[in-house]
Amino acid sequence: MEQLSHHHIKNCTFKFPIVVIGEELRTPQNVGMGLRTSEAFGVDCFYLNCNSPDTSNRQVQRTARNTNKNINIIIYDDIITLLETLKKDDYTLIALEITDNSKSILNYNFLQHSKIALLIGSERFGIQKQALAMCNHSIHIPMYGKNSSMNVINSLSVSLYEITKQLQNTL
C-alpha cells in the first residue's frame, strides 16, 4: 500500500446546494479551515462576516491551502439582512447549535430541503440570538464524552459529511 500524492488523486467535483455562513469567526485558522472544509465537501458558497479575518490574512491563506481560490466567498456585514435574503431565495436556514429544540444530526433528514444554508457561530459566543431565531431548524452533533462542545470547524466537518452523505444519493 502506498500513500498517493495530491497530484495522483482525481476527485469527482460537484457543487451541492449548500451555503455556509460563518458568523463572525474570530481566528484566521478557523476561517482558513472553514473554507478548506467547505470546498472539500462541494459547498456552493461561503459567507464570511466582514469582522472576520479574510483571505488577505496570511494564516487564512496557509490553512486554506489555496482552496479559497476554488470556492465562492462572499463578505457580508449584517447577518440579519443576509438571512432574510437567503430565505427569500428559498434557502432553509439551519443553525449548527445546541438549542432546547435542536435535532440530532443523526436523525435529521436533509433531503427534505432543496437548498440549505448552514449557519455556524463564532468560536466564543456561538450564534447570536436574533439570527438563531430566524433559522428554520437547529441541529447538533451527539456527544458521548463529558465535554458538550467541539471546535466550530470540527463541527462543520462532521455536519457537511452527514449532509453530503445524504444528498449524494440524489445525484
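The values are calculated or read from the model by the stated rules, or taken from the named source; none is laboratory data. Note that this is a predicted model, so its numbers are computed, not measured. Counting neighbours? That spans all protein chains shown, and the Cβs are built from the backbone with ideal geometry, glycine included. Only protein heavy atoms, including side chains, enter the accessible area calculation; ligands, DNA and RNA are left aside. Shrake-Rupley method; radii C 1.70, N 1.55, O 1.52, S 1.80 Å.
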Estimated D of the range 126-171 in µm² per second, where Rh is the Kirkwood radius over Cα pairs and Stokes-Einstein applies at 37 °C, 0.692 mPa s
260 µm²/s
Given H placed 1.01 Å from N in the peptide plane, which residues other than close sequence neighbours of Lys103 have an amide H under 5 Å from its amide H?
Ser138, Ile139, His140
Non-local amide H neighbours of Arg26 (under 5 Å, H modeled in plane, Pro and chain starts lacking H): which ones?
Glu123
Net dipole in debye of the range 28-171 [+1 Lys, Arg Cβ; -1 Asp, Glu Cβ; about Cα centre; nearest 20]
420 debye
Between Leu111 and Asp78, how many nm apart are label points set 7 Å from Cα along the C-beta direction?
3.9 nm
Cut-off 12 Å, label 7 Å out along Cα→Cβ of Thr170, residues of the range 16-45 by amide N
16-18
Which residue, Asn109, Asn68, Asn147, has the most motion in a Gaussian network model of the chain that connects Cα atoms within less than 10 Å?
Asn147
Using Cα positions and a limit of under 20 Å, work out the aspartates and glutamates in reach of Lys88, with same-chain residues fewer than 8 apart set aside.
Glu23, Asp44, Asp77, Asp78
Rounded to the nearest angstrom and ordered from largest down, what semi-axes does the equivalent ellipsoid of the range 46-109 get from its C-alpha gyration tensor (root of 5λ)?
26, 17, 12
Across 5 Å bins from 0, what is the distribution of all Cα-Cα pair distances for the range 1-89, in whole percents?
3, 14, 22, 22, 16, 11, 5, 3, 1, 1, 0
Applying the Karplus parametrisation 6.51 cos²θ - 1.76 cosθ + 1.60 with θ = phi - 60° to the phi angles of the range 42-49, what ³J(HN,Hα) value in whole Hz is obtained for each residue in order, glycine and proline being reported as x?
x, 5, 6, 7, 10, 8, 10, 5
Please report, as a whole percent, how much of the solvent-accessible surface of the chain comes from carbon and sulfur atoms (probe radius 1.4 Å).
47 percent
How much net charge surrounds Leu156 when only the other residues with a Cβ under 13 Å from the Cβ of Leu156 are counted, with Lys and Arg +1 and Asp and Glu -1?
-4
Spelling it out for Thr92: with amide H atoms placed in the peptide plane at 1.01 Å from N, the residues 5 or more places away or on another chain with amide H under 5 Å from its amide H are Lys115, Ile116, Ala117
